[in-house]
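Please treat every number below as a calculation from the coordinates, not as lab data. As the structure is a computational prediction, the values presented were derived from the model and not from experiment. Cβ coordinates were reconstructed from backbone atoms using ideal geometry, including for glycine residues, and neighbour counts include every protein chain displayed.
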Amino acid sequence: MINIPKGTKDVLPSDVYKWQYVEEIARKTAHRYGFWEIRTPVFEYTELFSRGVGETTDVVGKEMYTFLDKGGRSVTLRPEGTAGVARAFVENGLQGGAMPFKAYYLFSAYRYERPQAGRLREFHQFGAELYGASSPSADAETIALADDFLKSVGLKQVRLNLNSIGCPACRAKYQEALREYFRPHLAEMCPDCNARFEKNPMRMIDCKEEGCKRFTAGAPRMIDFLCAECEDHFEQVKNLLTCAEIPYTVDPSIVRGLDYYSRTVFEFTSSAAGAQGTVLGGGRYDGLLSQLGAKPTPAVGFGAGIERLLMAIEAEGAEILKPEGTVCYLAGMEPESRRRAFLLAQELRKAGIPCETDLMDRSLKAQFKYADKLGAKFVAVIGESELQESAAEVKDMRNSSSARVKFGELAQYINEKR
């Protein structure tokens, strides 16, 4: 027996409706804000992620699924969505179109890391990207979309945390302040933090090692080094959120894990039992397209892990309505009545009624048992007498009542009673 690869998970028919529920709300919410779906390849040339995501990140350094194709080219399974969308935006000439450009995606991504609850090697994301607008209102609208989406899927125990990590100018001063602060402690910090010290000391703040957290907790805060322009941008974002009645908490520790972020960064965290941590995160990344060799274009967006969202929804006890199952089961008793049941099933399906009929040559008693397992609301029995009358004996499985219904009136009868 060949088992499923570690860090992946089957989504069975009994659970897939939960995914479809979240995905449908994601689509509807995105459309309300003028975002339209984009689909990019599941793999890209490795350089896209090393240049876009950043070589100092754990994603590029440790977690990517990278391999050589048959032409000897290095390709990588996408570890996140933003870099691929940026590549598509440039390559397809969308920079010359109407701005802002708004797109969302729903797809799988891949990272080689230790599997744990809500964090798999193959995971799924809902993300939104907005290009061409540098205004604080673009940040606020993107955050509002995220907030609207989370509320629409039924989450109530989520909190918005907000920060600004400035622009390259004020961030350079901050990085020097971080180096001065961390330099005396390097010997007691992990190898990763030592490697980040020169390349990108801001990544040290995001370290998960307990030994490093002792020092990162007291590190200087980026918010105290913002230039006047970045500070004004951040104040306007906060003011818009306040006016829109979207509560937030300023959290100076948020730096996000990817190098392309600048200015506004944000996270929505869940306090639901069993679903601690970030369920959606994002921010502004005005420098990404220039890193990819394209014309500089301001951008802001977010990504949300579907697996984590479902954990939070379940932990909060938010209701996900299960789609209607089999409404009518058509039971035949001999070859001709089985044939008639098959044809009637087709007619009911065309009338929008989910139904099934026997495919296993079961006895009538076994067919009733199977219909009960399906949760069918009605069983329409067709035997010799029913064939002669061109009518089915319809039993309501909910109250055991029955009625003789003409074949031509069966769809109407079930729709009225269902």
Counting Lys and Arg as +1 and Asp and Glu as -1, each charge on the Cβ, what is the dipole of the range 202-284 about the Cα centre in debye, to the nearest 20? 260 debye
So, relative contact order of the chain in percent, Cα under 8 Å, 6 or more apart, is 15 percent
Could you quote the convex hull projected area for the range 328-417, Cα atoms only and averaged over all directions, in nm²? 5.0 nm²
How big is the chain by Rg and Dmax over its Cα atoms, in Å? 27.9, 94
Tell me which residues come under 5 Å, amide H to amide H, from Ser164 once H is placed; ignore anything under 5 positions away on its chain. Val265
For the chain, with the dipole built from +1 on Lys and Arg beta-carbon atoms and -1 on Asp and Glu ones, taken about the Cα centre, which of Gly132, Leu374, Ala88 lies farthest toward the positive end? Leu374
Charges only on Cβ, +1 for Lys and Arg, -1 for Asp and Glu: so what's the dipole of the range 328-417 about the Cα centre, in debye to the nearest 20? 320 debye
Cleavage-rule hits (GluC sites (Glu not before Pro)) in the range 232-335: DSSP loop, at most 13 neighbouring Cβ within 10 angstrom: Glu245, Glu319, Glu324
Lysines within cross-link reach of Lys406: Cα-Cα under 19 Å, excluding same-chain residues under 8 positions apart? Lys350, Lys377, Lys395, Lys417
Between Tyr181 and Arg32, Cβ-based FRET efficiency (R0 41 Å, step 0.05) works out to 0.40
Note down the magnitude of the dipole of the chain about its Cα centre, charges +1 on Lys and Arg C-beta and -1 on Asp and Glu C-beta and zero elsewhere, to the nearest 20 debye. 480 debye
For the range 214-348, just list the percent of Cα-Cα distances falling in each 10 Å bin from zero outward, please. 9, 24, 24, 14, 8, 9, 8, 3, 0
List the lysines whose alpha-carbon lies under 30 Å from that of Lys156, not counting same-chain residues fewer than 8 positions away? Lys9, Lys18, Lys28, Lys102, Lys208, Lys213, Lys238, Lys322
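Evaluate the range 152-203: find the radius of gyration of its Cα atoms, find its Kirkwood radius, and give the ratio Rg to Rh.
My calculation puts Rg/Rh at 1.21.
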Angle, helix 335-350 long axis vs. longest principal axis of the chain, Cα atoms, 0 to 90°, nearest 10? 40 degrees
Could you list the square roots of 5 times each eigenvalue of the Cα gyration tensor of the range 216-271, that is, the equivalent ellipsoid semi-axes, sorted largest first and rounded to whole Å? 19, 16, 11
Taking the inverse of the average 1/r across all pairs of different Cα atoms in the range 73-200, what Kirkwood radius in Å do you get? 18.6 Å
Residue-averaged 222 nm ellipticity for the chain, from DSSP H runs of 4+ at -39500 (n - 2.57), nearest 500: -11000 deg cm²/dmol
Considering the dipole of the chain built from charges on the beta carbon (Lys and Arg +1, Asp and Glu -1) around the Cα centre, which of Leu77, Ala217, His31 is farthest to its positive end? Leu77
I'd like to know how the range 128-256 sits against the 2.2 N^0.38 Å rule of thumb: what's its Cα Rg over that expected value? 1.20
